[in-house]
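Below is one structure, written out as structure tokens, with a few remarks after it.
The values are calculated or read from the model by the stated rules, or taken from the named source; none is laboratory data. Values in this document were obtained by computation on a predicted structure and should not be read as measured data. Please note: Cβ atoms are built from the backbone with ideal geometry, for glycine as well, and neighbour counts cover all protein chains shown.
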Amino acid sequence: MKKTMMILMTVFAVASVAAAGVSVGDMAPDFTLTDTTGREVSLSDYSGKVVVLEWLNPDCPFVQRHYKAGTMKKLASAYAGKGVVWLTINSTHYMDEKANAGFAKDQALDVPILVDADGKVGKIYGATTTPHMFVIDANGVVVYQGAIDDDPRGSKGEGATNYVAAALDETLAGKKVSTAETQPYGCSVKYKS
């Protein structure tokens, strides 16, 4: 009985750690995913650059609201000129390259959508919602993770605090991110299981 309890406790502890994902201050785990054109993209391709990871599901009303408002596209465009790389990852188990390519075309996206239908990368990072945002500094360290902003209901408009923009501004200025972690909001990531 004791041996069975020990095994169950060990399995639970390992599962809890695996579900936790990365934390602020951790080195960002490298990954390689395929974009909607079939090109392989690795995080390590952008070594020495600041990178934003955005978890996406086009079916999620929160994602739809942000794309209708242009939140992600405006941010990606504004910071591209400052050398920031924006990678969008879709860990939705039923979204393939074709579905992602259709969304990218409809939204006229200038950033790649990386297909993670098996959910491996999402689970490594601990992405729980769409959107769920991560900012990685030029040294490869996670300096922010959480919500895009402080406006889950979409009622603040221009008065919302954009956590990702603030994290990018501070990171690019060589400062420590003052709000390094927030609670992400949105739809749950639709992992395969």
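Go through V84, V41, V63 for me and flag whichever is surrounded by 13 or more Cβ atoms within 10 Å (Cβ to Cβ), touching a strand residue (DSSP E or B) at 6+ places or on another chain (Cβ under 9 Å) and over 21 Å from G102 (Cα atoms).
The unique qualifying residue is V84.
Can you find even one residue in the stretch 31-51 that is in a strand (DSSP E or B), modelled with pLDDT of 95 or more, under 21 Å from G126 (Cα atoms) and of a type in the set (G, A, S)?
Checked the stretch 31-51: at least one residue is in a strand (DSSP E or B), modelled with pLDDT of 95 or more, under 21 Å from G126 (Cα atoms) and of a type in the set (G, A, S).
Out of the residues in the stretch 108-125 that are surrounded by fewer than 17 Cβ atoms within 10 Å (Cβ to Cβ) and part of a loop (DSSP other than H, G, I, E, B), state the one that is farthest from the chain's Cα centre (by Cα).
A108
Restricting to the stretch 135-193, name every residue that is acidic (D, E), modelled with pLDDT of 95 or more and not in a loop (DSSP other than H, G, I, E, B).
Once the filter is applied, which keeps residues that are acidic (D, E), modelled with pLDDT of 95 or more and not in a loop (DSSP other than H, G, I, E, B), the stretch 135-193 yields D149, D169, E170, E181.
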